[in-house]
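This report concerns only the one structure given below.
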Amino acid sequence: MNPSSATAPATLRGAVREALQLALEDAIRQGALPALDEPRLVEVQRPGNPEHGDYATNLALQLARPLRKPPPAIAATLAEALARQGGVVAAAEAAGPGFVNVRVANDALAEILDHARREPDRWGRLGAPEGPAPRHVNVEFVSANPTGPLTVGNARGAFVGDLLARVLEAGGQQVTREYYFNDSSAQVRNLGASVLAQREGRPVPEDGYHGDYVVALASQLPDELAAPRPGESDDDARAWAIGHWASARIREGIEASLARLGVRFDVWTTEGSLAAEGWVERAIGRLREGGHLFEQEGATWFRSTAFGDDKDRVVIRSNGELTYFAFDIGYVVQKFSRGCDHLIYIWGADHHGTVARVRNAAEAMGYDKARVEMILTGWVHFVRDGVPISMSKRAGTFITLDELLEELGVDAARWYFASRGANVNMDVDIELARRQSSENPVYYVQYAHARIASILRKAGDAGLSPAATVTGVLDEPPDATLARIVARFPEVVEDATAAQETQGVTTYATELATAFHAYYRDARVIDAEAPGRSAHRLALVDATRITLASALGLLGISAPEAM
RNA sequence: GUCCCCGUAGCUCAGUGGACAGAGCGGCCGCCUUCUAAGCGGCGGGUCGCAGGUUCGAAUCCUGCCGGGGACGCCA
């Protein structure tokens with residue numbers, strides 16, 4: 001049993017699962033259990049109560065019906081066969097209504113922790129997925145229109161998308177972070193008209209943009225753009241030109257805000273380029289060849305209902321203009337043509353109505369629908385001292401992402417979003433969040449990391465250094481408890497990757513920090529009277545530090561050496 | 001009307017088939033001559049929206065209802 005080899009399971013849980021599978025086959029071979037008609041999925045879980053051991057299986061409960069035997073009897077047989085396996089299994093016993101509880105061997109525990117310390121950069125990083133799993137995942141998120149600064153509303157998508165990308169990367173997949181930049185819609189002209197009106201002291205159009213940033217843009221507007229061109233009486237052309245200038249300036253601000261968050265994008269795709277490079281045309285061509293388009297009332301429609309949608313969808317309007325949907329499907333073709341295996345979109349909950357049509361069109365164009373996935377984020381409902389804050393870019397009443405970061409800090413904000421499901425609506429009282437930011441759980445976790453860093457520094461000063469292995473202290477209760485939690489980290493990453501969620505990581509990081517703070521209380525690490533034990537404890541504490549740093553790093557949060 | 005998401009402790013949220021339902025914050029009481037008190041220990045706090053059903057077992061799955069939010073455009 002060697003977890004560091006390529007073929008061995010990367011997790012203790014996986015090793016136990018393998019042992020259980022072998023134990024089942026063994027019991028059948030020996031006639032202790034009847035043969036199964038069909039293979040059963042062997043599940044290993046973690047008991048809620050630590051007294052029940054490190055891992056448990058409900059296999060006996062599952063087998064009771066097909067084998068027509070009482071669960072406790074099956075559990076007893078399985079426990080015996082498991083105990084015979086040895087290796088990762090130190091002890092196995094039947095318990096409760098038919099569970100089999102397993103205690104892992106100290107050797108296996110030590111091996112996985114020592115491995116973490118030998119290769120800290122790979123700790124919790126899973127290998128590339130085997131089989132047909134997607135390898136190159138495209139995650140498109142934020143994609144806010146360039147008509148104003150990013151708001152706290154956009155923040156949800158920014159964090160959810162970046163966190164998802166990080167989790168997928170930890171799961172061994174290649175990720176492209178992508179931003180769709182809408183540079184050619186009427187909103188841009190509208191923005192230009194607003195800036196121009198502001199510049200000329202005229203009232204901003206009713207459906208224009210009213211924020212302070214419009215005023216700022218107006219004052220920065222170069223004269224040659226503001227002035228009407230000779231022979232050009234058309235205000236519309238001027239509005240477009242100014243709109244493009246303004247949206248470019250806004251994009252710079254958006255990029256700067258995102259950089260502040262620690263979010264970087266690999267690819268920025270503009271709406272204009274999708275048309276100019278022929279992607280929209282190609283997409284429409286594919287649909288037409290497949291017979292999925294029809295003409296009605298002067299418009300061209302995609303027969304989305306043939307794929308289960310409740311309505312058909314217009315691709316080309318009767319005035320000849322392309323719909324937003326047309327760009328969407330052009331973009332799908334572009335992304336797949338670039339070699340992406342799997343597309344994920346982070347959209348606000350208000351976009352749920354567009355999910356079906358895009359996936360249907362992908363299928364109609366010959367792509368696997370399962371490879372086009374939308375994650376819808378819930379609303380963030382902001383209040384300030386109990387008063388709801390309306391979030392309108394046009395009215396200019398919104399909180400910018402930059403303001404949020406100023407009040408909370410990047411680490412606290414990241415933690416806040418990482419610890420909640422993407423699809424739940426959440427209420428945030430800005431004042432409350434600001435006041436409580438110093439009590440944010442993220443600092444609790446960071447503090448544990450800083451404390452360990454301090455111990456390691458002090459140990460160095462005292463001439464003590466960590467041993468190569470933690471073996472030697474795993475029989476002592478405080479050490480055994482902490483070591484087991486540290487060893488679980490790869491399983492947490494595995495689960496986070498499978499679920500495409502990060503809540504489990506924050507929950508785990510908090511649990512690990514709690515365990516360390518208790519350990520700090522109960523176990524003396526630096527002890528000149530017992531240098532041997534100190535060395536092993538330093539190794540354990542170092543593994544804990546690496547794990548805390550990896551968990552925080554997975555969330556894009558810093559792990560300070562001192563606080 | 002149809003469709004989607006949500007409903008768990010005073011507040012904000014984890015837990016989505018297993019063995020007594022958790023955390024943070026807030027409240028109350030203790031602990032710094034000892035490796036960082038941004039810490040530790042203790043107390044109090046829940047008909048898991050409601051009602052049925054499936055299951056050996058349901059906060060978790062199914063149905064219906066109630067409550068909150070959202071979407072139903074030749075807008076983006």
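Laid out as a table, the results:
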item	result
Test for residue A:434: is it touching a Phe, Trp or Tyr at 6+ places or on another chain (Cβ under 9 Å) and basic (Lys, Arg)	no
Among the residues listed as A:19, A:15, A:90, the single one being outside any helix (DSSP H, G or I) and crowded, with 17+ Cβ neighbours inside 10 Å	A:90
Total residues in segment A:318-356, condition in contact with a strand residue (DSSP E or B) (Cβ under 7 Å, 6 or more places away or on another chain), at pLDDT 95 or above and of a type in the set (D, E, K, R)	1
Where residue A:462 falls short, out of the listed (1) near RNA strand B (Cβ under 7 Å from one of its atoms); (2) surrounded by fewer than 19 Cβ atoms within 10 Å (Cβ to Cβ)	(1)
Residue count, segment A:522-556 (criterion: more than 11 Å from RNA strand B (Cβ to nearest atom), farther than 19 Å from residue A:481 by Cα and of a type outside the set (A, V, I, L, M, F, W, C))	6
Breaking point among (1) in contact with a strand residue (DSSP E or B) (Cβ under 8 Å, 6 or more places away or on another chain); (2) free of Cβ contacts under 8 Å to residues at least 40 places away in the same chain; (3) surrounded by 12 or more Cβ atoms within 10 Å (Cβ to Cβ), for residue A:302	(2)
Helices (runs of 4 or more DSSP H) (entirely within segment A:149-231) containing at least 1 residues that are within 25 Å of residue A:268 (Cα to Cα)	A:152-170, A:186-199, A:212-220
First in segment A:172-195 and farther than 20 Å from residue A:210 by Cα and in contact (Cβ under 8 Å) with a residue 60 or more places away in the chain, second anywhere and assigned to a helix (DSSP H, G or I) and basic (Lys, Arg), Cβ under 7 Å, 6 or more apart	A:181/A:251
Boolean, residue A:537 is among the basic types (Lys, Arg), assigned to a helix (DSSP H, G or I) and either at pLDDT below 95 or out of contact with any Phe, Trp or Tyr (no Cβ under 7 Å at 6 or more places or on another chain) (or both)	yes
Enumeration of residues in segment A:501-516 that are more than 6 Å from RNA strand B (Cβ to nearest atom) and over 14 Å from residue A:555 (Cβ atoms)	A:511, A:515, A:516
Boolean, residue A:475 is out of contact with any Cys (no Cβ under 7 Å at 6 or more places or on another chain), acidic (Asp, Glu), more than 9 Å from RNA strand B (Cβ to nearest atom) and without any contact (Cβ under 8 Å) to a residue 24 or more places away in the chain	no
Checklist (1) within 9 Å of RNA strand B (Cβ to nearest atom); (2) touching a Leu at 6+ places or on another chain (Cβ under 6 Å); (3) over 21 Å from residue A:116 (Cα atoms) applied to residue A:519, failing item	(3)
Members of segment A:444-472 found to be in a loop (DSSP other than H, G, I, E, B) and touching a residue at least 24 places away in the same chain (Cβ under 8 Å), listed by number	A:462, A:464, A:465, A:466, A:467, A:468, A:469, A:470, A:471, A:472
Candidate set: segment A:80-131, residues that are farther than 29 Å from residue A:70 by Cα and of a type in the set (Lys, Arg); chosen: the one nearest to RNA strand B (Cβ to nearest atom)	A:117
Selection within segment A:258-299 - in contact (Cβ under 8 Å) with a residue 12 or more places away in the chain, under 30 Å from residue A:151 (Cβ atoms) and among the small types (Gly, Ala, Ser)	A:262, A:272, A:275
Identity of the residue in segment A:338-385, among the acidic types (Asp, Glu) and touching a residue at least 40 places away in the same chain (Cβ under 8 Å), that ends up farthest from residue A:312 (Cα to Cα)	A:385
Among the residues listed as A:437, A:390, the single one being over 30 Å from residue A:540 (Cα atoms), near RNA strand B (Cβ under 10 Å from one of its atoms), of a type in the set (Gly, Ala, Ser) and at pLDDT below 90	A:437
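Condition check ((1) farther than 23 Å from residue A:177 by Cβ; (2) modelled with pLDDT of 95 or more; (3) not polar (S, T, N, Q)) across all residues:
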residue: A:265; (1), (2), (3): no, yes, yes
residue: A:270; (1), (2), (3): no, no, no
residue: A:287; (1), (2), (3): yes, yes, yes
residue: A:292; (1), (2), (3): yes, yes, yes
residue: A:299; (1), (2), (3): yes, yes, yes
residue: A:302; (1), (2), (3): yes, yes, yes
residue: A:307; (1), (2), (3): yes, no, yes
residue: A:310; (1), (2), (3): yes, no, yes
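The values are calculated or read from the model by the stated rules, or taken from the named source; none is laboratory data. Source: prediction; values computed, not measured. Glycine also receives a Cβ, built like all others from the backbone with ideal geometry; neighbour counts cover every protein chain displayed.
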